[in-house]
Amino acid sequence: MRRTALASAPLLLACLVAPAGAQEDVMTLRAERLTPDLTVLSGFANGNILALTGPDGTLLVDAQSAKRVGLADSVLASLGAPPVRWVINTHYHGDHVEGNALFRGRGAEVVGQERLPVQMVKDTTITSWGDWHRTPAAPAAIPTRTFRDSLTMRVNGQRVVVTHIPAAHTDGDAIVWLPEANVMHIGDLFEHQAPPFIDWWVGGRLAGMLAGVDWGLAHSDSATRIVPGHGPVGTRGDLLRYREMLLGLGTAVAGHVNAGDGVEETQAAHPAAPWQPMLGSQRRMDALVALLYLGLTEFESAALKPRLVPGTPEARLPWLIGCWATSRNGRTIEERWTVAPDGSLAGRGRTLREGRVVDSEVVRITVDQGSLRYTANPQGQAEAVFVASDVTDSSVTFANPAHDFPTRITYRQGAGARLFAEIAGPGSQGERVIPFPYAAVVCQDD
Ligand SMILES: [Zn+2]
């Protein structure tokens, strides 16, 4: 029996135990209500289901395995959910899609990225991963509606935005985002309190996993509920910690690969130990190290290499990634930080008044001989370079004593998706300090 223990389930609406005989057939499924019309069904080793209910009918994100979907169906009935009219799949693995067949048989539309029908019919055995046999899905489980890049639906008064993340956990991952409810189902791009999996054999890649996590960071704020593929519902902060593990462990394993160590030597060095509370048992950590070792030696693109070294801006200041905003005196000040292909950070700052951009600058944080450098290009002004004088796990100060103003720029990670920035330097009456108390905001696509 596999039970997924929810660390905290504020509202436990249903806990069903199937009337089964054999011990291993006893199944528990939990329903956690996020909003009056959004519920997460989680349990066993199967993927989490997000259910959106309302007058249009029920929309599900993922449908668990053929073996478990009946119980999910019973829980939905016990919650009074209307008939399922749509199922959106986050990716093609059986524990997320086999249950499609039940709902499709009752007339539901099944939505998936266009790679799902291709992967779902394959019958393959992965010899390099313990002779893992992947059986084809039942024809009735195949999506009836596919998309390439994105798709938007309006269901029960909610906008449902489905976005493809290329080459990540598989080759057909999608994040399902409900901006009005501030809820996201991110699929197996994020496994919360469990080791992640990268399906290298169908095009999954670590670079894409990081890109998918960054999409999540860019579309979340302090109140966003992030439904992982497996494990308890998380926050933006949980997703950021998970990102640090993905990049940190990937970098550590890449170091062993580059040093010519074998997989057993790499495991023996326990590179996953710093993240043990997040990853679990030694056996699970060893399996993840073996998985990353295999992928980095046989599958991952060389383009990721410059990012898998210690000390990159991405590795040292991951908490900058995303969009930040603060308002004062009728003006909104925004910063947007993304990761460049070499692991440097690209920033854009803007000041808006009544929705119009009145000021902007482009910034880059790079590394030069071990030191972080902050290069600012303000609109209509000369470039200014500041060098990091003080870096901790959660703060950085850049200085340029020769600059007029500012001479110091500080960023500090705050709790609950906050970021404190400060510029300081000589003013007419002693030191002048300007604080920017930023909060994470959803990045606007422009
Ligand atoms: Zn999966």
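If you go through the range 103-116 and keep only what is surrounded by fewer than 21 Cβ atoms within 10 Å (Cβ to Cβ) and over 24 Å from the mean Cα position of the chain (by Cα), you end up with Gly105, Arg106, Gly107, Glu109. Tallying residues that are within 12 Å of the ligand (Cβ to nearest atom) and outside any loop (DSSP other than H, G, I, E, B) within the range 183-200 yields 6.
Only one of His164, His133 is in the same structural domain as Gly47 (by TED's automatic domain parsing), surrounded by fewer than 22 Cβ atoms within 10 Å (Cβ to Cβ) and at pLDDT below 95. Can you tell me which? Walk me through how you get there before you give the answer.
Details: His164 fails: at pLDDT below 95.
Matching residue, one of His164, His133: His133.
Within the range 78-102, the only residue that satisfies the criterion of being closer than 20 Å to Pro166 by Cα and surrounded by fewer than 24 Cβ atoms within 10 Å (Cβ to Cβ) is Gly94. Filtering the range 147-163 for residues that are aromatic (Phe, Trp, Tyr) and assigned to a strand (DSSP E or B) leaves a non-empty set. So, Val176, is that one more than 13 Å from the ligand (Cβ to nearest atom), of a type in the set (A, V, I, L, M, F, W, C) and free of Cβ contacts under 8 Å to residues at least 40 places away in the same chain or not? So Val176 fails the test. A count restricted to the range 134-146 and to residues that are away from the ligand (no atom under 14 Å from the Cβ) and either in a strand (DSSP E or B) or within 25 Å of the chain's Cα centre (by Cα) (or both) stands at 3.
I'd like to check something: does the range 174-182 contain any residue that is outside any loop (DSSP other than H, G, I, E, B) and of a type in the set (Val, Ile, Thr)?
Let us first name the residues in the range 174-182 that are outside any loop (DSSP other than H, G, I, E, B), namely 174-178.
Still in the running and of a type in the set (Val, Ile, Thr): 175-176.
Taking every residue of the range 174-182 in turn, at least one turns out to be outside any loop (DSSP other than H, G, I, E, B) and of a type in the set (Val, Ile, Thr).
Would you tally the residues in the range 140-197 being among the charged types (D, E, K, R) and out of contact with any helix residue (DSSP H, G or I) (no Cβ under 9 Å at 6 or more places or on another chain)? Even if it seems obvious, please write down each step before you answer.
Step one: of the range 140-197, the residues among the charged types (D, E, K, R) are 145, 148-149, 154, 159, 171, 173, 180, 188, 191.
Filter once more, keeping what is out of contact with any helix residue (DSSP H, G or I) (no Cβ under 9 Å at 6 or more places or on another chain): 145, 148-149, 154, 159, 180.
The total comes to 6.
In this structure, Ala174 does not qualify as buried (at least 20 other Cβ atoms within 10 Å of the Cβ), at positive phi and in the same structural domain as Phe103 (by TED's automatic domain parsing).
Taking the range 1-57, which residues are of a type in the set (Lys, Arg) and either modelled with pLDDT of 50 or more or touching a strand residue (DSSP E or B) at 6+ places or on another chain (Cβ under 9 Å) (or both)?
Initial filter on the range 1-57 (of a type in the set (Lys, Arg)): 2-3, 30, 33.
Those that are of a type in the set (Lys, Arg) and either modelled with pLDDT of 50 or more or touching a strand residue (DSSP E or B) at 6+ places or on another chain (Cβ under 9 Å) (or both): Arg3, Arg30, Arg33.
Looking only at the range 421-442, how many residues end up being assigned to a strand (DSSP E or B), of a type in the set (A, V, I, L, M) and closer than 30 Å to Met184 by Cβ?
So in the range 421-442, the residues assigned to a strand (DSSP E or B) come out as 421-427, 430-441.
Then keep just the ones that are of a type in the set (A, V, I, L, M); that gives 421, 423-424, 433-434, 439-441.
Then keep just the ones that are closer than 30 Å to Met184 by Cβ; that gives 421, 439-441.
Selection size over the range 421-442: 4.
Of all residues in the range 409-439, those being closer than 20 Å to Arg364 by Cβ and over 26 Å from the mean Cα position of the chain (by Cα) number 5.
The set of residues in the range 414-446 being of a type in the set (Ser, Thr, Tyr) and either touching a residue at least 24 places away in the same chain (Cβ under 8 Å) or surrounded by 14 or more Cβ atoms within 10 Å (Cβ to Cβ) (or both) consists of Tyr438 alone. Of the residues making up the range 256-279, those that are among the polar types (S, T, N, Q) and either in contact with a strand residue (DSSP E or B) (Cβ under 9 Å, 6 or more places away or on another chain) or exposed (fewer than 14 other Cβ atoms within 10 Å of the Cβ) (or both) number 2.
Within the range 120-133, how many residues turn out to be in a strand (DSSP E or B) and either farther than 18 Å from Gly204 by Cβ or without any contact (Cβ under 8 Å) to a residue 40 or more places away in the chain (or both)?
Keep residues of the range 120-133 that are in a strand (DSSP E or B), which gives 124-126, 132-133.
Keeping just the survivors that are either farther than 18 Å from Gly204 by Cβ or without any contact (Cβ under 8 Å) to a residue 40 or more places away in the chain (or both) gives 125, 132-133.
Count: 3.
Inspect the range 207-219 for any residue being outside the structural domain of Gln119 (by TED's automatic domain parsing), surrounded by fewer than 18 Cβ atoms within 10 Å (Cβ to Cβ) and not aliphatic (A, V, I, L, M) and give the result as yes or no. No, the range 207-219 contains no residue that is outside the structural domain of Gln119 (by TED's automatic domain parsing), surrounded by fewer than 18 Cβ atoms within 10 Å (Cβ to Cβ) and not aliphatic (A, V, I, L, M).
The values are calculated or read from the model by the stated rules, or taken from the named source; none is laboratory data. None of these values were measured; they are calculated from a predicted model. Here the Cβ is made from the backbone with ideal geometry for all residues, glycine too, and neighbour counts use every protein chain on show.
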